[in-house]
Amino acid sequence: MAMTMDAATPYRWMAYNNAWANQRLLNACAMLSPDEFTAHRTGFFPSLRATLNHILVIDRFYVDAMEGGTLGPAAWVDEEPCTTVAALHQAQAEMDRRLITLVDGLDEQSIGRTVAIHRETHVQHEVMSRLLLHLFQHQIHHRGQAHAMLSATSVSPPQL
């Protein structure tokens, strides 16, 4: 069976892989005790909970912008909106579904459209494809940190 590709196809693959990796990592974190999930660890953020909440919060910021919203900096008013792995897993799965829906709807023209990103003092304009790459890189970067943190717990980090 021949596979058709357009300019948006690699972004679709990345969105699905992103959701899979988030699910694998959060499934592993679900095996931690609440104390292990919130314990102080070495990383850019001081715990698994803080790191994984950061991924969620930044996803909210960028996915909202790509959907045409104006949430902007209000996305990070609460830096840790989810206090449990279960709540975080549910919220991240919803963000991943939104991102997949967005990317599944892209075509040759819309992958190159300009997105308005509402910052604190101005609106930044960025091309959709470049913004998606930035978001995926952000996810990979912080998932890697969480993966390393997880290796210092009672739960083995999953293959990502």
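Odds and ends about this structure:
- Breaking point among (1) basic (Lys, Arg); (2) crowded, with 18+ Cβ neighbours inside 10 Å; (3) farther than 18 Å from residue 143 by Cα, for residue 60: (3)
- Within the stretch 147-160, residues that are closer than 13 Å to residue 48 by Cβ sit with their Cβ atoms under 6 Å from residues that are among the hydroxyl-bearing types (Ser, Thr, Tyr) and exposed (fewer than 12 other Cβ atoms within 10 Å of the Cβ), at 6+ positions apart or across chains, in these pairs: 157/151.
- Filter result for residue 36 (of a type in the set (D, E, K, R) and open to solvent by less than 60 Å² (accessible area, probe 1.4 Å)): yes
- Scanning the stretch 66-81 for residues that are exposed (fewer than 15 other Cβ atoms within 10 Å of the Cβ) and in contact with a helix residue (DSSP H, G or I) (Cβ under 7 Å, 6 or more places away or on another chain), we see that the one that is farthest from residue 120 (Cα to Cα) is 67.
- The residues of the stretch 37-61 that are among the aliphatic types (A, V, I, L, M) and in a helix (DSSP H, G or I), listed by number, are 48, 50, 52, 55, 56, 57, 58.
- Residues in the stretch 44-73 that are of a type outside the set (Phe, Trp, Tyr) and touching a His at 6+ places or on another chain (Cβ under 9 Å): 15 in all.
- Those residues of the stretch 1-36 which are of a type outside the set (D, E, K, R) and either at positive phi or in a loop (DSSP other than H, G, I, E, B) (or both), in sequence order: 1, 2, 3, 4, 5, 7, 8, 30, 31, 32, 33
- Enumeration of residues in the stretch 18-31 that are closer than 9 Å to residue 160 by Cβ and either open to solvent by 10 Å² or more (accessible area, probe 1.4 Å) or among the β-branched types (Val, Ile, Thr) (or both): 20, 24
- Residue 74 vs. criteria more than 16 Å from the chain's Cα centre (by Cα) and either within 24 Å of residue 30 (Cβ to Cβ) or part of a helix (DSSP H, G or I) (or both): yes
- Residue match in the stretch 115-128 (condition: open to solvent by less than 20 Å² (accessible area, probe 1.4 Å) and either part of a helix (DSSP H, G or I) or aromatic (Phe, Trp, Tyr) (or both)): yes
- Residues satisfying the stated conditions in the stretch 82-114, i.e. β-branched (Val, Ile, Thr), surrounded by 13 or more Cβ atoms within 10 Å (Cβ to Cβ) and in a helix (DSSP H, G or I): 85, 100, 103, 111
- Residue match in the stretch 143-153 (condition: of a type in the set (Lys, Arg), part of a helix (DSSP H, G or I) and within 30 Å of residue 31 (Cα to Cα)): yes
- Apart from one condition, residue 5 fits all of (1) touching a residue at least 40 places away in the same chain (Cβ under 8 Å); (2) within 22 Å of residue 134 (Cα to Cα); (3) surrounded by fewer than 18 Cβ atoms within 10 Å (Cβ to Cβ); the exception is (1).
The values are calculated or read from the model by the stated rules, or taken from the named source; none is laboratory data. Note that this is a predicted model, so its numbers are computed, not measured. Note that each Cβ is placed from the backbone with ideal geometry, even for glycine, and that neighbours are counted across all protein chains shown. For the accessible areas, the whole protein counts, side chains as well, though only heavy atoms, and no ligand, DNA or RNA atoms are used. Shrake-Rupley method; radii C 1.70, N 1.55, O 1.52, S 1.80 Å.
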